[in-house]
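Heads up: the structure comes next, in structure tokens.
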Amino acid sequence: QVQLVESGGGLVQPGGSLRLSCAASGSIFSIYAMGWYRQAPGKQRELVATITRGFSRNYADSVKGRFTISRGNAKNTVYLQMSSLKPEDTAVYYCNADLDSGSYWGQGTQVTVSS
């Protein structure tokens, strides 16, 4: 059993910053990659950023230069530092982990960017 727990969402004004955290626990032997996805109301879930176990990073064009994904010292953690937030960044953000045993999702954390 693998669990992903996200934290750090909330309400922020345009131009502000937030940091999301995700910790994976359970029967974890090998993590191939971790990442963040988001889903806005009425839209499909989309990739935000991923980071592999070799620390290769990939970002959606819409967040390049504003968001930074990183892994924690405890390698089962991943962070998303979000800056210069825009109203269009409003969504539920989901953590994902690709493990040797499969792909797992967190429950999601709401990020709302509004004045």
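So the values come out like this:
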| read-out | value |
| --- | --- |
| Residue check, GLN3 among the polar types (S, T, N, Q) and within 13 Å of the chain's Cα centre (by Cα) | no |
| Counted residues, segment 1-36 - those being closer than 16 Å to LEU85 by Cα, open to solvent by 30 Å² or more (accessible area, probe 1.4 Å) and in contact with a Cys (Cβ under 8 Å, 6 or more places away or on another chain) | 0 |
| The one condition in (1) modelled with pLDDT of 95 or more; (2) of a type outside the set (A, V, I, L, M); (3) out of contact with any helix residue (DSSP H, G or I) (no Cβ under 9 Å at 6 or more places or on another chain); (4) loosely packed, with under 13 Cβ neighbours inside 10 Å that ASN73 fails to fulfil | (1) |
| Close pairs from segment 37-65: first under 20 Å from LEU4 (Cα atoms) and surrounded by fewer than 14 Cβ atoms within 10 Å (Cβ to Cβ), partner at pLDDT below 95 and of a type outside the set (A, V, I, L, M), Cβ under 8 Å, at least 6 apart | ARG53/SER30; ARG53/TYR32; ARG53/LYS75; PHE55/ARG71 |
| Number of positions in segment 89-115 that are open to solvent by 60 Å² or more (accessible area, probe 1.4 Å) and either touching a helix residue (DSSP H, G or I) at 6+ places or on another chain (Cβ under 6 Å) or free of Cβ contacts under 8 Å to residues at least 40 places away in the same chain (or both) | 1 |
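The values are calculated or read from the model by the stated rules, or taken from the named source; none is laboratory data. What you are looking at is a predicted structure, and each value in this text was computed from that prediction instead of being measured. Reconstructed Cβ throughout: ideal geometry from the backbone, glycine too, with neighbour counts over all protein chains shown. SASA here: full protein model, heavy atoms, side chains in, ligands and nucleic acids out. Shrake-Rupley method; radii C 1.70, N 1.55, O 1.52, S 1.80 Å.
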